[in-house]
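Beneath this line is the structure, given in structure tokens, with notes to follow.
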Amino acid sequence: MLSARFTMKTMAMRTRRLSRNFSKVPAPPMVYISGEEMTRYCMELILDQWIKPRIDISQWEFYDLSCKARDDTEDKVLHDAVDAGKRICAIFKEPSVTPTEIQKDLMGLKKAWGSPNGAMRRGWNGITISRDTIHIEGMELGYAKPVYFERHAVGGEYSAGWAQVGSGSLKTIFEDGTGSSTVVDERTLTGEVNMAVTYHNPLDNVCDLAHHFFSRCLADGITPYVVTKKTVFKWQEGFWVIMKEVFDQHYKQKYIEKGLLGECGELQHLISDAATMQIIRWTDGGFGMAAHNYDGDMLTDEIAQVHRSPGFITSNLLGKTEEGKVIKEFEASHGTVADMWEAHKRGEETSLNPLGMVEALFGAMNHSAILSGGDATKKSMFHFTDGLRSIIHAKMVAGEGTRDLCGPEGLTTEQFVETVAKAMDETMPIKEKKTLKAFEDVSKVDMEALKAMFDHLDTDNNGSIDFEEFSKGLRKLGVHPKKLGF
């Protein structure tokens, strides 16, 4: 039904927008989590100049995880973002700040809110954080070929309980809920100052991690390694055992057939100490590693340094809903670049390379298109992200990148975003629907005559026009569509 409030002025306004929206790619639902400081500022530029002119993001859900927003909502915004991620399953997150006590006082916060990442990983049943090298054709970075890394997304020191205690007895007891208990550890503390720490490593999802790691390494010709310190930390043996069982049962023969295991023909284990050395030595790339949460965090920082900077490393969380649906959250592996933000606030030039964040955004957009189930949507979204990636890479290779790549002559943060936007106008122009120009100037429309026409069609005077009234009106005016006969 055509409502009476749907006036010609409304039509003209929508038509004007349609001239820009006509060629937009409709983006499926996605969760967009904004963060803080320099990275937030840069992503706002990118959204306004690269994304919004060509992508209809009206179905995206936005959540502000700035310290102020978390404080104002008593962290409800974080819980809302986690719930949205469970529902939509495709998430992009900007780097965020976890405030220290000093920052709490400086910002006037009620409390020093904890890291949102732990809540997200728990809420999305996090399995692994995939951190892979980003490569640009025509530019030498650190590794010649891709390096893949799986960091167990849960457990370890990050969720530890702790207390500072004095001398005495310390006992760790596990109770299974039926009244049965097991003493995990018991020791005597003799020092006057001791830090007691308790944490655990869940192993239920390591099988999922293994399948994810081995399947993608196999597909891309990557040789896999499992990294632990199990020779000293005996409790890490279980991680290795599960990984090897999955590999031997499901993947070993396929790796042998592709020649990815070398002469030994077996999945190799690396002690974490050795892994730190090989990461520096194996600059040809073509290898993958899987490790516990903390080891994975440290080792991927080392990979980032070998491969130029954290801006050239992805950070993608894989989780799943209670029903088994895959959840993917994409973010950059670096922080908010606070020092550059302070320089920006002082009015100084900055030069932030946004590649890591943009790759994360592309990943989330592509995953949302896959989840939509529509081949046309997926094709359009992948065409857009592939095209924009090519433009970004081409500018960097041509010496029109940020200063981390191009030296002092490189572009500022704003200049790089503008340069890519101009290139998009040349290679990805926004189409105009020329036939709609007649409706662009509302001042030339006789609104009184238009209202009289509407009233003439609205025969029952109920303020709306149904199909029958619309059909009769067009026939009376002699502008109704006619069948073609031969």
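The values are calculated or read from the model by the stated rules, or taken from the named source; none is laboratory data. All values reported here derive from a predicted model rather than from experimental measurement. Cβ coordinates were reconstructed from backbone atoms using ideal geometry, including for glycine residues, and neighbour counts include every protein chain displayed. What goes into the accessible areas is simple: the full protein's heavy atoms, side chains included, and nothing from ligands, DNA or RNA. Shrake-Rupley method; radii C 1.70, N 1.55, O 1.52, S 1.80 Å.
What is the packing order of peptides 324-331, 128-135, 203-210, taking the mean over residues of other C-beta atoms within 10 Å and listing the highest first? Before the final figure, lay out each step's value.
Values: 324-331: 20.2, 128-135: 23.1, 203-210: 18.8.
Ranked by mean Cβ neighbours within 10 Å, highest first: 128-135, 324-331, 203-210.
Which whole-Hz ³J(HN,Hα) couplings does segment 303-311 yield from phi under the Karplus relation 6.51 cos²θ - 1.76 cosθ + 1.60, θ = phi - 60°, glycine and proline marked x?
After applying 6.51 cos²θ - 1.76 cosθ + 1.60, I find 4, 4, 5, 5, 9, 5, 5, x, x Hz.
Rounded to whole Å, give me the distance from the Cα center of segment 363-426 to that of segment 455-476.
49 Å
If one computes the Cα centroid of segment 203-262 and of segment 277-342, what distance in Å separates the two points?
18 Å
Run the numbers for Lys483 and Asp339: contour at 0.36 nm per residue of separation, minus the present Cα-Cα distance, in nm.
Working: separation 144, 0.36 × 144 = 51.84 nm, distance 6.92 nm.
Stretched fully, the Lys483-Asp339 segment lengthens by 44.9 nm.
What ranking, highest mean first, results for peptides 32-41, 263-272 when packing means the other Cβ atoms within 10 Å averaged over each residue? Write out the running numbers ahead of the final one.
Values: 32-41: 22.5, 263-272: 14.0.
Final packing ranking: 32-41, 263-272.
Grab the beta carbon distance between Ser215 and Glu323, set R0 = 22 Å, and tell me the FRET efficiency rounded to 0.05.
Values: r = 21 Å, r/R0 = 0.97.
Efficiency for this residue pair is about 0.55.
May I ask for the Kirkwood hydrodynamic radius of the chain, worked out over all distinct Cα pairs and given in angstroms to one decimal? Display every interim value, and only then the final one.
On the way: mean 1/r = 0.0378 Å⁻¹.
By the Kirkwood definition, the hydrodynamic radius is 26.5 Å.
Apply the Karplus curve 6.51 cos²θ - 1.76 cosθ + 1.60, θ = phi - 60°, to the phi angles in segment 138-143 and return the couplings in whole Hz, x for Gly and Pro.
Result, rounded to whole Hz: x, 10, 7, 10, x, 9.
Please list, in order along segment 401-414, the HN-Hα scalar couplings obtained from phi with the Karplus expression 6.51 cos²θ - 1.76 cosθ + 1.60 (θ = phi - 60°), rounded to whole Hz, x for Gly and Pro.
Rounded to whole hertz, the list is x, 7, 6, 5, 9, 10, x, x, 7, x, 7, 6, 3, 5.
Between Asn462 and Glu44, what FRET efficiency comes out of the Förster formula 1/(1 + (r/R0)^6) with R0 = 41 Å and r the beta carbon distance, rounded to 0.05?
Numbers: r = 46 Å, r/R0 = 1.12.
According to the calculation, E is roughly 0.35.
Compute the Kirkwood hydrodynamic radius of segment 356-481, taking the inverse of the mean of 1/r over all pairs of distinct Cα atoms, and give it in Å to one decimal.
Radius from the Kirkwood sum: 19.8 Å.
Based on alpha-carbon atoms only, what is the radius of gyration of segment 136-185 relative to the globular estimate 2.2 N^0.38 Å?
Numbers: Rg = 22.2 Å, N = 50, 2.2 N^0.38 = 9.7 Å.
Cα Rg divided by the expected 2.2 N^0.38 Å: 2.28.
So what are the three principal axis dimensions of segment 154-230 from its Cα atoms, in whole Å, longest to shortest?
54, 34, 19
How much length would be gained if the chain were fully extended between Glu448 and Glu175, taking 0.36 nm per residue of separation minus their Cα-Cα distance, in nm to one decimal?
On the way: separation 273, 0.36 × 273 = 98.28 nm, distance 7.97 nm.
Value of the extension gain: 90.3 nm.
List residues of segment 181-205, by number, whose backbone nitrogen lies under 19 Å from a label position 7 Å along Cα→C-beta of Tyr158.
Residues 198-205 fall inside that zone.
For segment 161-298, what ratio Rg/Rh do Cα atoms give with a Kirkwood hydrodynamic radius? Spell out each step's value before the answer.
Working: Rg = 19.2 Å, Rh = 17.6 Å.
Rg divided by Rh gives 1.09.
For Arg308, what residues show an amide H to amide H distance below 5 Å, using hydrogens built from the backbone and excluding near sequence neighbours?
When sequence neighbours closer than 5 places are left aside, the close amide H contacts are Gly142.
How much accessible area per residue does segment 17-137 have, counting only protein heavy atoms and a probe of 1.4 Å, in square angstrom?
Numbers: 5030 Å² over 121 residues.
That works out to 42 Å² for each residue.
I'd like the carbon and sulfur percentage of the solvent accessible area for the chain, probe radius 1.4 Å, heavy atoms only, ligands and nucleic acids excluded. Don't jump to the answer; show the numbers that get you there.
Numbers: 13610 of 25660 Å².
Of the solvent-accessible surface of the chain, carbon and sulfur hold 53 percent.
Determine Rg/Rh for segment 72-132; Rg is computed over alpha-carbon atoms and Rh is the Kirkwood hydrodynamic estimate from the same atoms. Provide the component values of the computation, followed by the final result.
On the way: Rg = 13.3 Å, Rh = 13.1 Å.
We get a ratio of 1.02 for segment 72-132.
Would you please give the residues with an amide H less than 5 Å from that of Ser351, counting only those at least 5 places away or on a separate chain, with H modeled from the backbone geometry?
For Ser351, the qualifying residues are Thr413.
Would you kindly state how much longer the chain becomes between Gln305 and Gln268 on full extension, computed as 0.36 nm times their sequence separation minus their alpha carbon distance, in nm to one decimal? Spell out each step's value before the answer.
On the way: separation 37, 0.36 × 37 = 13.32 nm, distance 2.42 nm.
Length gained, Gln305 through Gln268: 10.9 nm.
Taking one equal scatterer on every alpha-carbon of segment 26-115, how large is log10 of I(q)/I(0) by Debye at q = 0.15, 0.17, 0.24, 0.25 1/Å?
Calculated log10 I(q)/I(0) at the listed q: -0.61, -0.76, -1.21, -1.26.
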